[in-house]
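The structure appears below as structure tokens.
The values are calculated or read from the model by the stated rules, or taken from the named source; none is laboratory data. Since this is a predicted model, take the numbers as computed values, not measurements. Positions of Cβ are generated from backbone atoms using ideal geometry, with glycine treated the same way; all protein chains shown enter the neighbour counts.
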Amino acid sequence: MDDEAETYKLWRIRKTVMQLCHDRGYLVTQDELDQTLDQFKDQFGDKPSEKRPARSDLIVLVAHNDDPTDQMFVFFPDEPKIGIKTIKTYCQRMQEENIHRAIIVVQAGMTPSA
């Protein structure tokens with residue numbers, strides 16, 4: 001996939017995830033919900049083939065409207081198929097930061113063992 005198409009895809013995915021979080025009562029700014037493709041490119045870059053943006057740059061941490069201690073990560077793994085090692089890394093990070101919820105946006109699924 002060329003850089004333009006990949007950048008567009010990442011922008012749409014991130015925009016959809018932000019809307020999903022907002023719909024579930026998490027704090028998402030109106031600027032994040034209304035972010036245009038050009039704003040996305042300015043913030044993250046437009047050369048995914050050169051890791052600008054890298055999927056890991058798109059990680060989001062949101063807090064719930066009713067309980068700011070109820071936070072959720074949204075992870076964007078770089079690997080096309082994620083396995084136990086990646087899941088374990090995310091779980092460790094969540095434990096360190098005392099976060100109990102997460103969404104993992106995968107590219108091609110998970111390995112059977114994960």
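I need every pair where a residue in the stretch 24-37 that is within 16 Å of Gln71 (Cβ to Cβ) has its Cβ under 6 Å from the Cβ of a residue that is part of a loop (DSSP other than H, G, I, E, B), sequence separation at least 6 or different chains.
Short answer, once both residue conditions are applied: Gly25/Asn65; Leu27/Asn65.
Which number in (1) touching a helix residue (DSSP H, G or I) at 6+ places or on another chain (Cβ under 6 Å); (2) over 21 Å from Val106 (Cα atoms) marks the one condition that Val74 misses?
(2) is the only condition that Val74 fails.
I'm checking my understanding of the structure. Among residues of the stretch 41-75 that are of a type in the set (Phe, Trp, Tyr) and modelled with pLDDT of 95 or more, which one is surrounded by the fewest Cβ atoms within 10 Å (Cβ to Cβ)?
Taking the candidates together, the pick is Phe73.
Mind checking whether some residue in the stretch 84-94 is in contact with a Leu (Cβ under 7 Å, 6 or more places away or on another chain) and more than 28 Å from Glu4 (Cβ to Cβ)?
The answer is no; no qualifying residue exists.
How do the pairs read when you match residues in the stretch 80-98 that are within 23 Å of Leu10 (Cα to Cα) with residues anywhere that are of a type in the set (Ser, Thr, Tyr), using Cβ under 6 Å and keeping only pairs 6 or more apart or on different chains?
Within 6 Å, the pairs are Lys81/Thr111; Gly83/Thr111.
When the residues of the stretch 85-114 are narrowed to those that are part of a loop (DSSP other than H, G, I, E, B) and of a type in the set (Val, Ile, Thr), which ends up nearest to the chain's Cα centre (by Cα)?
For the stretch 85-114, the residue satisfying everything is Val105.
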